[in-house]
Amino acid sequence: MKTYEQINDRIASGKAVVLTADEIMDYVDKKGLEAAAKEVDVVTTATFGPMCSSGCFINFGHSKPKIRMSEAWIEDVLVYTGIAAVDVYLGATQLRHGDPANMYYPGEFRYGGGHVIEDLVAGKSLQLFALSYGTDEYPRREIRTWFTINDVNQATMVNPRNCYQNYNVAINDGDRTICTYLGVLEPRRGNATYCSAGQLSPLLNDPYYDIIGVGTRVWLAGAQGHVYAEGTQHAGACERTPNGVPMEGAGTLALTADMKHMKPEFVRGVSLRGYGVSLALGVGVPIPILNEQVLKRTCVRDRDIQAPVIDYSSDYPNKTGRTLCHVNYEQLRSGEIEIDGKKIAVASLSSYHKALEIANLLADEIRRGDFLLSGPIQPLPKNTAMKSLVIRKKPV
Amino acid sequence: MSQTSIKKLVLFFPRYDCEQPIIYHLVKDHNLIVNVYRAKVTPEEEGYLVLDVKGTEQDIDKAMEFLKTCNVVVNHSGKGVTWDEHRCTHCSQCITHCPTDALHIADPATRKIAFDEDACIECLACIRVCPFGACASAF
Ligand code: SF4
Ligand code: SF4
């Protein structure tokens with residue numbers, strides 16, 4: 001048994017033993033669970049992939065004379081101004097003004113909210129255009145200027161839903177190519193795509209949310225941030241394998257961090273043909289090895305994690321709830337799965353390569369004593385279920 | 001007799017007047033076997049042609065001389081499609097769409113992606129499906 005304080009003391013003195021979730025299984029196989037639990041202080045987990053429910057608050061400070069922005073665009077991408085005078089919220093999936101979207105199907109979606117966020121973190125100069133109706137104390141009616149992340153007071157990423165615990169494998173049972181948020185899917189099960197770091201993924205290493213909770217310090221694109229709430233659509237009540245790992249989406253995290261400390265290579269705009277724009281983010285979450293049970297859960301392997309295969313031509317859009325079958329991440333990562341006797345080529349949308357890089361970067365930061373752990377101030381709900389939107393008649 | 005070799009070329013026509021049947025001359029006068037990957041040649045506009053030429057080195061050299069007389073810029077690096085290693089996130093989204101494995105997983109342990117330029121047939125599938133804009137076309 002160890003406490004957060006003991007682990008943090010070892011981190012601060014540069015003595016912490018840190019392994020990645022990719023390395024820990026072989027280590028435990030070699031040393032045995034009991035000995036390894038005593039030795040290892042932290043296991044780092046990570047993921048990198050599109051996380052649509054991401055965005056940021058920006059405070060610009062005041063111009064002379066002042067403006068109370070009532071409509072605003074950054075690089076022609078609409079931002080939300082229904083908050084205080086010079087605060088805006090920029091969402092990852094917002095399209096650029098005039099983007100034809102899917103008018104000429106499939107749309108290309110070259111630039112949007114996610115790309116603005118990437119450019120902002122990369123330190124590029126961006127155009128702000130804002131309008132106002134003018135008030136007595138905020139008389140300015142229009143402003144056009146250029147700014148970088150260093151010019152603004154705050155640029156705070158606030159992501160309502162990141163780090164889906166597990167995710168669907170998408171295939172196309174129809175007879176035309178379809179364009180989805182999981183990529184382009186060829187007809188008649190021509191290919192399959194998935195989006196998870198599997199055995200490296202944060203919540204797959206803590207399946208019952210025993211460790212990760214509100215207040216947990218996380219590595220968000222290189223900045224130290226934290227979990228500020230359960231993620232939207234967080235639903236721990238789901239089908240699980242005997243080792244407790246969810247067999248569907250299940251848990252999610254709401255994350256925040258200061259964008260001024262982020263690394264641009266982990267904040268990347270995403271263009272999904274025929275679907276839209278998004279933002280891919282790198283997230284690292286350290287798991288303190290408080291006891292053997294915690295360690296055991298981090299030893300989950302790709303072959304022990306099942307993902308549901310869903311038909312995105314019909315079952316997904318029509319919300320039939322049908323799952324064709326389950327496959328494990330070892331099969332997915334091999335590049336080929338077999339369904340009903342047919343071999344299907346598989347590609348990923350999330351990057352295991354980048355996730356591995358993040359797990360190692362975070363492990364190094366902890367070893368150097370630069371990243372201390374913080375325990376949750378409130379646990380994530382374990383047993384909530386996902387609700388549906390019911391279409392009703394107006395109540396009389 | 002000089003050796004047979006294959007050369008991948010990107011031809012750029014600053015402003016093409018369509019007067020010269022260039023491919024015909026490459027085949028007929030210079031004994032080359034031509035394999036065109038893709039072309040965008042419109043009268044009165046700039047044009048591009050990506051192709052393999054196969055023949056003796058002597059014949060290829062002579063053909064290059066001929067192309068110069070046609071006001072054609074020859075790019076020997078043969079890069080009609082490029083892959084930017086730094087923009088690539090190694091997600092692997094492109095690999096099931098690439099028909100020749102030009103984009104492939106170089107290291108199964110780290111899932112690192114690599115691009116084999118010579119295997120690329122310029123079908124442009126990767127440009128359509130790459131979510132991160134890592135692949136680009138010269139035209
Ligand atoms: S789809 Fe693009 S980012 Fe992903 S591996 Fe291929 S080239 Fe790289
Ligand atoms: S253009 Fe076609 S062949 Fe070349 S790398 Fe892209 S997908 Fe592969």
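The values are calculated or read from the model by the stated rules, or taken from the named source; none is laboratory data. Just so it is clear, the model here is predicted, and its values are computed rather than measured. Glycine also receives a Cβ, built like all others from the backbone with ideal geometry; neighbour counts cover every protein chain displayed. Ligands, DNA and RNA are excluded from the accessible area calculation, which covers all protein heavy atoms including side chains. Shrake-Rupley method; radii C 1.70, N 1.55, O 1.52, S 1.80 Å.
For the pair residue B:114 and residue A:389, a Förster radius of 51 Å applied to the C-beta separation gives a FRET efficiency near 0.70, rounded to the nearest 0.05.
Let me know the mean shielding of A:265-272 by other chains, meaning the per-residue number of their Cβ atoms within 10 Å of its Cβ. Can you show the working numbers first?
On the way: counts 3, 1, 0, 6, 3, 5, 5, 3.
Mean shielding by partner chains, rounded to a whole number: 3.
A 1.4 Å probe over all protein chains sorts A:146, A:73, A:219 by accessible area into A:146, A:73, A:219, starting with the largest.
Mean-square fluctuations from a GNM of chain A, with a 10 angstrom spring cutoff on Cα atoms, peak among A:259, A:25, A:103 at A:103. As a calculated quantity, the FRET efficiency between residue B:39 and residue B:107 at R0 = 45 Å, using C-beta atoms, amounts to about 0.80.
Per-residue mean of foreign Cβ neighbours for B:80-92 is 4 (Cβ atoms of other chains, 10 Å radius).
Computed with a 1.4 angstrom probe on protein heavy atoms, the B-A interface buries about 1800 square angstrom of accessible area in total. Reported to the nearest whole Å, the Cα centre-to-centre distance from the stretch A:80-102 to the stretch B:17-49 is 47.
Does chain A come out rounded, prolate or oblate, given a ≥ b ≥ c as the square roots of the eigenvalues of its C-alpha gyration tensor, rounded meaning a/c under 1.5 and, failing that, prolate meaning a/b above b/c? In terms of gyration-tensor shape, oblate.
Taking 0.36 nm per residue of separation and subtracting the current Cα-Cα distance, fully stretching the chain between residue B:5 and residue B:20 would add 2.9 nm.
Run the accessible area of the stretch A:55-155 with a 1.4 Å probe and give the carbon-and-sulfur part as a rounded percent.
Numbers: 2570 of 5220 Å².
Exposed carbon and sulfur together represent 49 percent of the surface.
Relative to the longest principal axis of the Cα atoms of chain B, helix B:57-69 runs at roughly 80 degrees. Only Cα pairs under 8 Å and 6+ residues apart enter the sum, and on that basis the relative contact order of chain B stands at 25 percent.
Here the label points at residue A:33 and residue A:214, each 7 Å from Cα along the C-beta direction, are separated by 3.2 nm in the simple model. Accessible area per residue for the stretch B:4-75 is 58 Å², calculated with a 1.4 Å probe on protein heavy atoms, without ligands, DNA or RNA. Using a probe radius of 1.4 angstrom, the carbon and sulfur fraction of the accessible surface of the stretch B:4-75 is 49%.
Estimated purely from DSSP H runs of n ≥ 4, each contributing -39500 (n - 2.57), the mean residue ellipticity at 222 nm for chain B is -5000 deg cm²/dmol once divided by its residues. Among A:164, A:104, A:209, the sequence by solvent-accessible area, most first, with a 1.4 Å probe is A:104, A:164, A:209.
A helix-only calculation puts chain A at -4500 deg cm²/dmol for mean residue ellipticity at 222 nm, using -39500 (n - 2.57) for each DSSP H run of at least four residues, averaged over all residues. The mean count of C-beta atoms from other chains within 10 Å of the C-beta of residues in A:342-355, rounded to a whole number, is 5.
Counting only pairs 8 or more residues apart or on different chains, how many lysine pairs in chain B have their Cα atoms under 17 Å apart? Summing the qualifying lysine pairs gives 13.
Based on Cα contacts under 8 Å between residues 6+ apart, chain A shows a relative contact order of 25 percent. The calculated FRET efficiency for the pair residue B:75 and residue A:345, based on their C-beta separation and a Förster distance of 30 Å, comes to about 0.35. Between the stretch A:113-152 and the stretch A:323-378, the alpha-carbon centres lie 36 Å apart.
Loop exposure criterion: trypsin sites (Lys or Arg not before Pro), DSSP state outside H, G, I, E and B, at most 10 other Cβ atoms within 10 Å. Applied to chain A, the longest stretch between such sites is A:1-175. Rounded to the nearest 10 square angstrom, residue A:70 shows an accessible area of 40 square angstrom against a 1.4 Å probe.
Under the rule a/c < 1.5 gives rounded, and otherwise a/b versus b/c splits prolate from oblate, where does the stretch A:138-292 land using the Cα gyration tensor? Oblate is the answer for the stretch A:138-292, as a/c is 1.5 or above yet b/c matches or exceeds a/b.
Segment residue A:105..residue A:9, full-extension length gain: 28.9 nm, with 0.36 nm per residue of separation and the alpha-carbon distance subtracted.
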